[in-house]
1. Here are some conditions: (1) over 16 Å from Ile253 (Cα atoms); (2) in contact (Cβ under 8 Å) with a residue 40 or more places away in the chain; (3) in contact with a Phe, Trp or Tyr (Cβ under 8 Å, 6 or more places away or on another chain); (4) not hydroxyl-bearing (Ser, Thr, Tyr). Arg196 meets all but one. Which one does it not meet?
2. Would you mention how many residues in region 344-376 are surrounded by fewer than 16 Cβ atoms within 10 Å (Cβ to Cβ), over 30 Å from the mean Cα position of the chain (by Cα) and not aliphatic (A, V, I, L, M)?
3. Restricting the first residue to region 439-459 and requiring it to be in the same structural domain as Asn407 (by TED's automatic domain parsing), which pairs with a second residue that is part of a loop (DSSP other than H, G, I, E, B) and aromatic (Phe, Trp, Tyr) meet a Cβ separation below 7 Å and a spacing of at least six or different chains?
4. What are the pairs, 6+ residues apart or on separate chains, where a residue within region 25-38 that is surrounded by 15 or more Cβ atoms within 10 Å (Cβ to Cβ) has its Cβ under 7 Å from a residue that is outside any helix (DSSP H, G or I) and of a type in the set (A, V, I, L, M, F, W, C)?
5. Taking the options Ala492, Ala463, name whichever one is farther than 15 Å from Ser516 by Cα and surrounded by fewer than 19 Cβ atoms within 10 Å (Cβ to Cβ).
6. Consider region 378-409. How many of its residues are touching a Leu at 6+ places or on another chain (Cβ under 6 Å) and aliphatic (A, V, I, L, M)?
7. Is it the case that region 429-445 has a residue that's hydrophobic (A, V, I, L, M, F, W, C), surrounded by 13 or more Cβ atoms within 10 Å (Cβ to Cβ) and in a helix (DSSP H, G or I)?
8. Answer yes or no as to whether Ile113 is surrounded by 15 or more Cβ atoms within 10 Å (Cβ to Cβ), farther than 18 Å from Ala41 by Cβ and at pLDDT below 80.
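The values are calculated or read from the model by the stated rules, or taken from the named source; none is laboratory data. All of these numbers come straight from a predicted model, not from anything done at the bench. Neighbour counts run over all protein chains shown; Cβ positions are idealised from the backbone, glycine included.
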Amino acid sequence: MKRATLIQHINYKFDNLMSKGTIAPIVLLFVSAFIGMVVLAVIIYFTGSIPPEPVLGIANPKEYNFLDVFWVTILRTLDGGVISEDPIHFWFLFFMFISTVAGILIVSTLIGIVSSGVTRKINDLRKGRSFVVETNHTVILGWSFQVFQIISELVIANENQKDPCIAILADIDKIKMEDEIRAKVADTQNTRVICRTGNPIDLLDLEIINLHEAKSIIILAPEHGDPDSIVIKTILAITNNPNRRPHPHKYHITAEIRDPKNVPIAQIAGKDEVQLVIFDYLISRITAQTCRQPGLSVVFTELLDFSGDEIYFQEEPKLIGRTFVEAMFSYETSAIIGIRRKDGTIMIKPPLNTKIEHGDRVIAISEDDDTVVVSGMKEYGIDPGAIRVAPKYVPPKSESTLILGWNRRAPLIINELDNYVWPGSKITVVSENPVAETELSLNCSDLAHQTVSYWFGDTTNRAILDELNIYQYDHIIVLSQTDLSDVQSTDARTLSTLLHLRDIADKKGHSFSIVSEMLDDRNRKLAEITHTDDFIVSVKLDSLMLAQISENKELKTVFEDLFTAGGPAIYIKPAENYVELGRPVNFYTILESARQRNQIAIGYKLQENKAPTSEEYVLAYGVIVNPKKSNQIFFSEGDKIIVISEEEQVG
């Protein structure tokens, strides 16, 4: 075996030294320069190569000592121009020339090393691998289309916070993340957004983001691959991290799960530290409710986003000993919808005579936490003469629903609709997805109140839509084909179907309830020309839910109660069932009318021709949540009252 030579050993050691970073070559350069100047000074001193002319102010060369010679050598090395002033003495000039040339090489090498080190450091910073020295910050793990909506919502939530920070860790280039955020999030205001590159399931990479000092952690499901497995691995990486903060300081983790069948394993991984937002359940429940009550998704969006009115928990000593119904009328600018008991129990629309005890908090819909203030009004201005008697109960009839398109949430929507419709109802599914018919037979075979039929066809094909006799259906749901990889292509197909439906409605002179699912909120504005009753922007709603729960984990229970069939839910009812039309009333009167039916009024929906011309109001479909109660309003035919009730049939 051939042995390494001395030169090879030296080269190996030199390579290892140079690979240690910028400091090592700089130290090596200075040591080499020092040794070289010492050697040169020794040669000059002991060979007597000192000019007889004065140098350094010393006239007699014999008075020079070694330190004097060494100092002269250092000066010539550092400043090559000094050699021009030296006396003409061949050997002295010769050695000084060598010193000057060595100095030029040393300085140029030093500049190169420093420049290379600075460039390397800048590249390291661009890679986003430096430690995040933040505390009480919000951490987002992962990257998807939803991250921009979440950042926008957290920015609004942080408006009254001091030096808020959002730190993002994703397996994407840091510069790319920052560029996309700048392009899609208009203004981060006082919130700093920090991006780092790393794998959220890698324990070493997780340390970069300093999640042990974070106030909350949001885990996003990636857009490709097996998203739920990545989310579950990330949860495990946090909950089983050997460097996690000590007990009992738990983490506040909000994670997104796409497929409901993965929920049990995610709950096992996260235990009581994770709040799961089940994307498919959320959207399917909202779709099922909204298709029967157009405008309902706007109410949900209003409650979920931070830009309007949202839900707050507030303790109010003035209400201790009072009943829940008294609390409802005690707030001018907030709508009270429930109580959070001292032991953590959350009650949405409790019995109206429930007493508020010490340590309880009211659950209120309000513009901000500082607007949840008792008004102290004793005279509410209720107009008893305007209150209408609840209409005689009329059993609902069976319904026909048409679903155009297919995605993995379609079976969940059909099963959810079964909780609301009357027996004898029918549902028809039209899709060209080859798995649709099989999925229907597997997951929708035991429906209690409706039967399902399947048509194979392209929902963007006008001939197929004409053949369906669409005017016979009470409700139409247009689903996004999420099997397509491109969001814009998916929404484009949805828009094509909606345009055909609008044209059919215009030509037949028939109107029907249409609810459509969109992926990109920007496309909702484009779809306004289709006169669709409501749009469910699924990605936006999911992002809003993640942002809300990351700020207050108890909100998950509130939203689950409101979105689940069988408990208190949000309904949109005709205004004439509550108050006399055309008569000015304030919202206290509406609140009292709803109370008499064991309901809570939280807002109203004006018909389209009464809506103001502002773009924001038009896109809200005339929905107003939590109006100021003392303001008067005229209701006319077609207007609706938004209430929370256990029974849809009541009122």
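1. For Arg196, the exception is condition (3).
2. Number of matching residues: 8.
3. Short answer, once both residue conditions are applied: His449/Trp422.
4. none
5. Values: Ala492 fails: farther than 15 Å from Ser516 by Cα.
So the residue among Ala492, Ala463 that is farther than 15 Å from Ser516 by Cα and surrounded by fewer than 19 Cβ atoms within 10 Å (Cβ to Cβ) is Ala463.
6. So the first thing to find is which residues in region 378-409 are touching a Leu at 6+ places or on another chain (Cβ under 6 Å), and the list is 405, 407.
Among the residues that remain, those that are also aliphatic (A, V, I, L, M) are: none.
Of the residues in region 378-409, 0 are touching a Leu at 6+ places or on another chain (Cβ under 6 Å) and aliphatic (A, V, I, L, M).
7. At the first step, the residues of region 429-445 found to be hydrophobic (A, V, I, L, M, F, W, C) are 429-430, 435-436, 440, 442, 444.
Then keep just the ones that are surrounded by 13 or more Cβ atoms within 10 Å (Cβ to Cβ); that gives 429-430, 436, 440, 444.
Now narrow it down to the ones that are in a helix (DSSP H, G or I): 436, 440.
Among the residues of region 429-445, at least one is hydrophobic (A, V, I, L, M, F, W, C), surrounded by 13 or more Cβ atoms within 10 Å (Cβ to Cβ) and in a helix (DSSP H, G or I), which makes the answer yes.
8. Numbers: surrounded by 15 or more Cβ atoms within 10 Å (Cβ to Cβ): yes; farther than 18 Å from Ala41 by Cβ: yes; at pLDDT below 80: yes.
In short, yes.
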